[in-house]
Amino acid sequence: MHTHTHALTRTISLTGAAALVISLLLVAQPSAADTSPPVAGTPATVSTDVLPSVQIDGVVWDQEIAGNTVFAGGDFQTARPAGAAPGVNTVARPHLLSYNLQTGVMNASWSPNPNARVRNMALSPDGTRLYVVGSFTSIAGTSRYRIAAFDTATGALTSFKPILNGKVNAVAATNTAVYLVGQFTVANGATVSGAAAYDAVTGLRIPTWAPAVTEGQAIAVTVKADGSKVVLGGYFQKVNGSSNPGYGLAMVDGVTGTMLPFNVNAKVRNAGSNAAISSLASDANGVYGTGQHYGTGTLEGTFYASWTNGDIIWVEDCHGDTYSVYPAGDVVYTTSHAHYCGNIAGFPQTNPWGMHRGLAFTKTVQGVITKDPLGYTNWAGTPRPALLQWFPDINAGTFTGVSQGGWSVAGNSQYILYGGEFTQVNSVKQQGIVRFAVSSIAPNKDGPRLTGANYVPTVTSPASRTAKVTWKANWDRDNTRLTYAVIRNGNTAAPVYTTTVDSNFWTLPSMSFTDTNLTAGATYNYRIRVTDPRGNSVLGNPVSIAVRGTAAKLRAPDEPLPPVTETPFLTPAPPTADTPESVTPPTETPIPTVEPPVAPTGDPSLTPPATHSPTPTPTPTVEP
């Protein structure tokens, strides 16, 4: 079971000054995982192809998948089809809608119309009920106080109707219990402190579960599949009077609400006015949490901790606040504004900062964190996952006023869904919702990034009858290993050299190839073709070079031979005392001398055709 919740608006406002870049690299090697991993055993990611989806005019805070239906909730007023510009073909659909998972087309018949924003949602593990929480007091034409439940098969509102006196930030559910956290102090008439639980069938409050969340709010919650343990996250500073655990993180008993050991909280210390645990998710082995802070916390990336006692399994310490996490099999997806991942063997921080708002990591440990060079918390020696080759380009939106892109990640075994305030993904206009799919059902058309004038080799002629072609690697959003072909004189059907090299956007190795046995004085042009494992190819612009050396001088066909000058016979002198007969030189026969013809200047007919030159012998060189 995966349960997940996302950052609260109050906490969001703390991140406006932060930015990010992320990366991958394992021990100075480019990432090896993608839709076609070149290394056996590396998990494959979804494709970065943007699948057309319904769009909204605000922000999506959460999405949940029930069968082939996706529910999307947030703060928006209208929806429109994929490809439609803002304000075009819109329909009223305030705060909550559903759409087809496989097509991205909105369900026109379902419009619950809550009267205020939806902050978070959760499905019952059996997939039959959708719990929706937020600030609303009316939904589907009926009074519901900050929480409502829908039948996922029919879309009908159920009789489940707790009453909370303040907004609900997050919800998690088992088949028997529903757990809520937020800014409420009264639950069904009972005094509580920001946390309450309800019977999933009767809707009655469970009085034994009421942990005291104080000095701030909980904004995230997740529950173990068997209901025995519940983890809270937020910017609170104490739970049940304890601050360790209890400082932004706490694990409590799923029945009694009493505090349980959660050792990760000794290291992950995000709470107070400038830091928070922004989201939580879980699987059978442990709990995932994401951090955000502005100067006072210890983590901006993601942690994975054991259900047993909260021991750290791994931490990805990329810098740049992270807002949501979703584990999908062996891959863990996040949304953030990462700007540095150098200490987990990823890319360095650039100037200006680059923003990578969608990232993927291995679920397994793949190394340890190195010392932080930028003044952040030092996680050196802590186990870490590997960053995978998956870099969709999600832009920053303006709706919340804090210039972020994605705010939530959801998915299943075939699709990964991002929701937020972005307006474009991979330069495709797609506002608020985007779908990605595994390669078996994706178009797989997102190819190498550099092309044309942005991808031109350097060509020189370092020696007679040779041309040296040098170029840097290209990169691809969802593939590591690319194939490079050197094209001579436009002959794309017969490249003179082919090789494969691993790369990513910050690790671009240099390559070179020396073409030999060319025609001296002739001009050749070269360009580079790059192809990814899915067959997507790009061509860089060609570069011409005049090959060094002097062309051979040939006689014109109608030019007469020059006269032959004969050498006269040589008669030896009689032998003398100094020249014994035994060493008398032999008589020499005259030898004709033929002077080579001189080609008339400027006669183009004397230039040897390229087809007469020897076949070039390629001399490849791969430079480190």
Taking the range 350-370 as the region of interest, how many residues are open to solvent by 50 Å² or more (accessible area, probe 1.4 Å) and in contact with a helix residue (DSSP H, G or I) (Cβ under 7 Å, 6 or more places away or on another chain)?
1
With criteria (1) in contact with a Leu (Cβ under 6 Å, 6 or more places away or on another chain); (2) part of a loop (DSSP other than H, G, I, E, B); (3) polar (S, T, N, Q), Asn265 comes up short on (2)
Just checking, does the range 475-498 include any residue being among the aromatic types (Phe, Trp, Tyr), free of Cβ contacts under 8 Å to residues at least 40 places away in the same chain and buried (at least 17 other Cβ atoms within 10 Å of the Cβ)?
yes
Matching strands (runs of 3 or more DSSP E) fully within the range 154-231 where at least 1 residues are farther than 23 Å from Ala140 by Cβ, open to solvent by less than 10 Å² (accessible area, probe 1.4 Å) and in contact (Cβ under 8 Å) with a residue 40 or more places away in the chain
177-182, 195-199, 218-223
The condition of being modelled with pLDDT of 95 or more and over 24 Å from the mean Cα position of the chain (by Cα) holds, among Thr423, Thr458, only for Thr458
Gly535: passes all of (1) outside any loop (DSSP other than H, G, I, E, B); (2) among the small types (Gly, Ala, Ser); (3) open to solvent by 20 Å² or more (accessible area, probe 1.4 Å) but (1)
Taking the stated definitions as given, is Ser273 touching a residue at least 24 places away in the same chain (Cβ under 8 Å), among the polar types (S, T, N, Q) and buried (at least 24 other Cβ atoms within 10 Å of the Cβ)?
no
Would you mind finding the one in Phe184, Phe262 that is more than 19 Å from Pro162 (Cα to Cα) and hydrophobic (A, V, I, L, M, F, W, C)?
Phe262
Does Asp75 meet the test of being among the charged types (D, E, K, R), in contact (Cβ under 8 Å) with a residue 60 or more places away in the chain and more than 25 Å from Lys224 (Cβ to Cβ)?
yes
Condition (residue is hydrophobic (A, V, I, L, M, F, W, C), open to solvent by 10 Å² or more (accessible area, probe 1.4 Å) and not assigned by the TED database to the domain that holds Glu64) applied to the range 457-470: is it met by at least one residue?
yes
Residue ID - farthest from the chain's Cα centre (by Cα), chosen from residues in the range 113-145 that are open to solvent by 40 Å² or more (accessible area, probe 1.4 Å) and on the phi > 0 side of the Ramachandran plot
Gly141
For the range 236-255, state whether one or more residues are in a loop (DSSP other than H, G, I, E, B), in contact with a strand residue (DSSP E or B) (Cβ under 7 Å, 6 or more places away or on another chain), of a type in the set (Ser, Thr, Tyr) and buried (at least 17 other Cβ atoms within 10 Å of the Cβ).
no
With the checklist (1) surrounded by fewer than 18 Cβ atoms within 10 Å (Cβ to Cβ); (2) of a type in the set (Asp, Glu); (3) in contact (Cβ under 8 Å) with a residue 60 or more places away in the chain in hand, flag the one item Asp311 doesn't pass.
(3)
Name the one entry in Val434, Val402 that is touching a helix residue (DSSP H, G or I) at 6+ places or on another chain (Cβ under 7 Å) and modelled with pLDDT of 95 or more.
Val402
Given Ile441, Ile369, which one is in contact (Cβ under 8 Å) with a residue 12 or more places away in the chain, more than 18 Å from Thr480 (Cα to Cα) and in contact with a Ser or Thr (Cβ under 6 Å, 6 or more places away or on another chain)?
Ile369
Which of the residues that make up the range 102-143 are more than 18 Å from Gln77 (Cα to Cα), without any contact (Cβ under 8 Å) to a residue 40 or more places away in the chain and not in a loop (DSSP other than H, G, I, E, B)?
Thr142, Ser143
Since Val434 meets every condition but one in (1) touching a residue at least 60 places away in the same chain (Cβ under 8 Å); (2) in the same structural domain as Ser403 (by the TED database); (3) not in a strand (DSSP E or B), which condition does it not meet?
(3)
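Restricting to the range 437-453, give me the number of residues that are open to solvent by less than 20 Å² (accessible area, probe 1.4 Å) and either part of a loop (DSSP other than H, G, I, E, B) or under 17 Å from Val70 (Cα atoms) (or both).
4
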By my count, strands (runs of 3 or more DSSP E) wholly in the range 54-96 with at least 1 residues that are out of contact with any helix residue (DSSP H, G or I) (no Cβ under 8 Å at 6 or more places or on another chain), open to solvent by 20 Å² or more (accessible area, probe 1.4 Å) and closer than 18 Å to Arg435 by Cβ are 59-66, 69-75
Is it true that Asp283 is closer than 25 Å to Trp407 by Cα, out of contact with any Ser or Thr (no Cβ under 6 Å at 6 or more places or on another chain) and touching a residue at least 12 places away in the same chain (Cβ under 8 Å)?
yes
Listed residues Gly375, Gly358, Gly381; which is in contact (Cβ under 8 Å) with a residue 60 or more places away in the chain and not hydroxyl-bearing (Ser, Thr, Tyr)?
Gly358
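The values are calculated or read from the model by the stated rules, or taken from the named source; none is laboratory data. Not measured: the values here are computed from a predicted model. A quick note on method: Cβ atoms are made from the backbone with ideal geometry, for glycine too, and the neighbour counts reach across all protein chains shown. All accessible areas refer to the heavy atoms of the entire protein, side chains included, with ligands and DNA or RNA removed. Shrake-Rupley method; radii C 1.70, N 1.55, O 1.52, S 1.80 Å.
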